[in-house]
Amino acid sequence: MLSIQTVEHIVIAIIAFLVLFNAYLSFNTIKNDTINVILKNWAYNKYFFLTFVWGVLGGHFFLGSYKPVFGSNWWLPVVLVIVIILLLIVIGKRLDRSFILKRRYQLLLLISGVFYGHFFWSQRHIPEILFPWE
Amino acid sequence: MKNINTLVNDQDFIKKVQYILIALFIILIALDIYLALDKTDNNTISNVILQKTDNGLFVLTYFWGVIAANLFITKKSPKAISPLAGTVIVLALAILIILFNIEPKMLTALSNFKYNISVYSFSMVLGFLVGYAFWRQKS
């Protein structure tokens with residue numbers, strides 16, 4: 001049983017670990033080993049699902065529409081996002097090692113992720129909201 | 001400054017860092033599933049971040065945008081400014097946001113809007129633009 005405060009401390013500890021670890025990696029003598037470079041190389045090669053996930057999390061955490069698209073089926077967007085991510089991983093896995101996903105498609109993945117997190121998988125859904133045009 | 005020639009390309013070390021990152025992702029996902037299923041309500045990572053942002057972490061969303069530009073939008077032309085200067089600009093803007101207390105001001109300014117435009121959409125876009133201008137990686 002973890003209280004909200006414990007979870008806060010865990011989240012802060014993980015962020016602090018990542019920042020310090022990345023600082024160490026950028027000042028050691030091995031090149032291209034920072035978290036930024038590794039994640040960039042993953043996203044541009046087979047694991048472009050990362051770009052989509054970053055967008056989804058941004059929309060899910062920080063934005064979020066009030067009107068649920070799927071009504072009371074709150075589980076549907078969760079299952080759907082898992083299916084989409086698994087699909088992207090499977091597609092990526094089949095690609096060649098030298099494959100590079102272009103920058104414009106990265107932007108497209110990021111934006112579609114934000115839209116998904118905002119409209120379909122929002123944390124701020126209020127079930128009974130009426131909009132002015134309804 | 002460090003001499004660039006002394007940097008070595010060590011694939012084994014990079015592999016280890018990759019494994020640390022993958023392990024961290026898996027731990028986070030497992031922890032969040034556990035938190036969602038346990039008996040304490042509203043203690044998932046999503047909920048904690050949501051409550052934090054509603055209480056004043058405009059800066060967190062700003063960094064979301066900066067990191068998005070850094071990781072996913074690379075730069076083909078040579079860098080206009082040094083990576084160090086870029087990092088300093090990114091951090092300085094974050095400190096300015098805190099010093100000038102931007103979030104409450106934005107919340108007040110936007111409270112008159114009927115359709116409730118999220119304040120954080122502004123900080124996300126701002127972060128993305130700052131990251132795009134000053135903190136991109138070479139492709």
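Around the amide H of residue A:30, modelled in the peptide plane, lie the amide H atoms of B:8, all under 5 Å away and 5 or more residues distant in sequence or on another chain. Applying the criteria of a DSSP loop state and at most 14 other Cβ atoms within 10 Å to the trypsin sites (Lys or Arg not before Pro) of region B:8-75 yields B:39.
By the compact-protein rule of thumb, 2.2 N^0.38 Å, the alpha-carbon radius of gyration of the protein assembly as shown corresponds to a ratio of 1.05. For chain A, the average shadow cast by the Cα convex hull is 11.7 nm², which is a quarter of the hull's surface.
Taking A:122, A:72, A:112 as the candidate residues, the one with maximal mean-square fluctuation in a Gaussian network model of chain A, Cα springs under 10 Å, is A:72. Kirkwood's formula applied to the C-alpha pairs of chain B gives a hydrodynamic radius of 18.0 angstrom. Of all complete DSSP H helices in chain A, those with a Cα span along the helix axis of 20 Å or greater and a mean Kyte-Doolittle hydropathy of 1.0 or more are A:4-27, A:75-93. Between region B:68-127 and region A:73-122, the alpha-carbon centres lie 24 Å apart. Diagonalising the gyration tensor over the Cα atoms of region B:62-123 and scaling each eigenvalue by 5 before taking the square root yields semi-axes of 29, 15, 8 Å, largest first. When +1 charges are put on Lys and Arg Cβ atoms and -1 charges on Asp and Glu Cβ atoms, the dipole computed for chain A relative to its Cα centre reaches about 660 debye. Listed by number, the DSSP H helices of chain B that run 15 Å or longer by alpha-carbon position along their axis and have mean Kyte hydropathy of at least 1.0 are B:11-37, B:58-72, B:83-99, B:119-134. For chain A, the relative contact order works out to 37 percent when only alpha carbon pairs closer than 8 Å and six or more residues apart are counted. In this structure, residue B:37 and residue A:87 have a Cβ-Cβ separation that, at R0 = 30 Å, corresponds to a calculated FRET efficiency of about 0.75. Largest GNM mean-square fluctuation across A:23, A:43, A:13, computed for chain A with C-alpha springs under 10 Å, falls on A:13.
A short reminder: the numbers here are calculations on the coordinates, not readings from a lab. This one's a predicted model, so the numbers in the text were calculated from it and none came from an experiment. So basically every Cβ, Gly included, is an ideal-geometry build from the backbone, and we count neighbours across all protein chains shown.
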